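> Quick one: the structure is below, and I'll ask about it shortly.
A short reminder: the numbers here are calculations on the coordinates, not readings from a lab. Everything quoted here is computed from the prediction, not taken from an experiment. When we count neighbours, we look across all protein chains shown, and the Cβ atoms used for this are built from the backbone with ideal geometry, even at glycine.
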Amino acid sequence: MKREALKKKKVFIISPVRNADPDVMALVEAYVADLETHGCTVHWPSRDTKQNDPTGGWNVCVTNFTKMFEADEVHVWYVKTSVGSLFDMGGLFMLVEMMKMQKLVVIANKVDIEDDKEPKSFFKVLKRL
């Protein structure tokens, strides 16, 4: 067995946090648990990033982008109304497209998303990554 195959994957999860629908959060939590059951090390901001941030969100952003930078894969639970998720996807775009970092990007809830008929959308950009 190759040494590389023994390496645990680091996964960063982009998903809603603030004002998130409890039903969505339960689905994301189950998704995270499944990844961890299969040996992945997961950073899920809702659980793993200190959200009580006296800097007004600066520390949250630094923590999340550092963990995203360090991750092998980024999984996105896409909810188009989640402002924080859209911000994080902008960072993901910068890492993958502009900085040419090799990251597998997985849309975790792709089967649940209807692709709108708009000529451009964040979902269309995400699919291209």
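> Please label the shape of the chain as rounded, prolate or oblate, based on the square roots a ≥ b ≥ c of the eigenvalues of the alpha-carbon gyration tensor (a/c under 1.5 means rounded; beyond that, a/b larger than b/c means prolate, else oblate).
rounded
> Counting other Cβ atoms within 10 Å of each Cβ, which trypsin sites (Lys or Arg not before Pro) in the range 27-70 have at most 11 and sit in a DSSP loop? Show your work: numbers first, answer last.
Details: sites: Arg47, Lys50, Lys67; in loops: Lys50.
Here the trypsin sites (Lys or Arg not before Pro) that fit, given the DSSP loop and packing criteria, are Lys50.
> From the phi of every residue in the range 13-24, what ³J(HN,Hα) in whole Hz does the Karplus formula 6.51 cos²θ - 1.76 cosθ + 1.60 yield, where θ is phi - 60° and glycine or proline is x?
Going residue by residue, I get 9, 9, 7, x, 10, 6, 6, 6, 5, x, 5, 5 Hz, with x marking Gly and Pro.
> Given charges of +1 on the Cβ of Lys and Arg and -1 on the Cβ of Asp and Glu, with all other atoms neutral, how large is the dipole of the chain about its Cα centre, in debye to the nearest 20?
For the chain, the charge dipole is close to 580 debye.
> Also: Say we join alpha carbon atoms closer than 10 Å with springs in a Gaussian network model of the chain; which of Glu29, Glu70, Glu114 then has the biggest fluctuation?
The residue that fluctuates most here is Glu114.
> Shifting gears a bit: Within the set of other residues whose C-beta is less than 12 Å from the C-beta of Asp23, count the net charge using Lys and Arg as +1 and Asp and Glu as -1. Write down the numbers at each step before the final one.
On the way: positive: none; negative: Asp21, Glu29, Asp112.
After counting each charged neighbour, the total is -3.
> List the lysines whose alpha-carbon lies under 27 Å from that of Lys10, not counting same-chain residues fewer than 8 positions away?
Straight-line reach from Lys10, under 27 Å: Lys2, Lys50, Lys67, Lys80, Lys100, Lys103, Lys110, Lys124, Lys127.
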